[in-house]
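Note sheet for the following structure.
Throughout, read-outs are computed from the coordinates displayed, never taken from laboratory work. Please read these numbers as outputs of a predicted model, since none were measured by experiment. Methodologically, a virtual Cβ is constructed for each residue, glycine included, from the backbone with ideal geometry; neighbour enumeration extends over all protein chains shown.
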Amino acid sequence: MKNFLILIAVFLFTCGIANAQTEKGDQNLGLDLGLNYANSKNLSINPYDNSSVAGSTKTTNFNLGPNYSYFIADKVDAGVGLLYNSSVTTNSSANGAVVNGPVREFGNYYGGKLFLRKYFMYKNKIGLRAGGFISYFKEIQKNTYPAPNAIYNYNSNANLYSAGGTLDLVYYPSKKLGVSAMFANLTYGHSKYNNTTQGNSSSDNLSLNFVNDGLTISIFYVFGS
């Protein structure tokens, strides 16, 4: 709900009089910006002596990347985008207790995507944009354990493949400027990990997010026909 209110504020802030540029031959050159922060608390109980340790996990994700699209038909565009993402996860415990897992996980990944989108506009000014995408990313991650378990420190890399669909809010505050915000997404992902001394692994996942998958905003310049 908090992110939904942020989206409303963004569009109210950019209100103005404009005509959307979504005709065949138009082009968009934009920049994606995303931020996601999560803070969770946990309580671990040792079944042997019933002792407990309180802890917390904080995760921050930031991403940015340019994108380009071309309208192959009225209100239908196809394009390509690049993306860089940085992620930091910190695990801590109360009263100086030793953290069982890594105390810090740092990762970054980079790659690109192809997409095809359909626009549903109200008075050629504000509306929704729905479409599908395929993407590939390379991830590099570093995991650091506390001093007693530093021997478990390791670096890993992964190949990430995904496909799915997104639903965005779109608004044109001027003839040459547009802004969008991701509203929902459905994604299937396949990952292959090389964890060096820890071995290899792979995973498959399917996720559906509605509003609450962080906040991703795209600002784009309109040119062409």
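With a sphere of radius 12 Å drawn around the Cβ of I72, what net charge do the other residues whose Cβ falls strictly inside it have (Lys, Arg +1; Asp, Glu -1)?
0
Can you give me the long-range amide H partners of V103? Hydrogens built in the peptide plane at 1.01 Å from N, cutoff under 5 Å, separation of 5 or more residues or another chain.
So V103 has HN proximity to T144, Y145.
Which ³J(HN,Hα) values, rounded to whole Hz and listed in residue order, are derived for the stretch 181-190 from phi using the Karplus coefficients 6.51, -1.76 and 1.60 in 6.51 cos²θ - 1.76 cosθ + 1.60 with θ = phi - 60°, glycine and proline given as x?
Those phi angles translate into 9, 5, 9, 7, 8, 10, 9, 10, x, 10 Hz.
Simple spin-label model, 7 Å along Cα-to-Cβ: K175 to A38 in nm?
4.5 nm
Would you kindly derive the ³J(HN,Hα) couplings of the stretch 139-152 from the backbone phi angles with the Karplus curve 6.51 cos²θ - 1.76 cosθ + 1.60 (θ = phi - 60°), listing them in order in whole Hz, with x for Gly and Pro?
Karplus values, whole Hz, x for Gly and Pro: 10, 10, 10, 10, 10, 10, 9, x, 2, x, 10, 4, 4, 8.
Say each of Y68 and Y122 gets a label point 7 Å from the Cα, pointing the same way as Cα to Cβ; how far apart are those two points in nm?
It is 3.4 nm.
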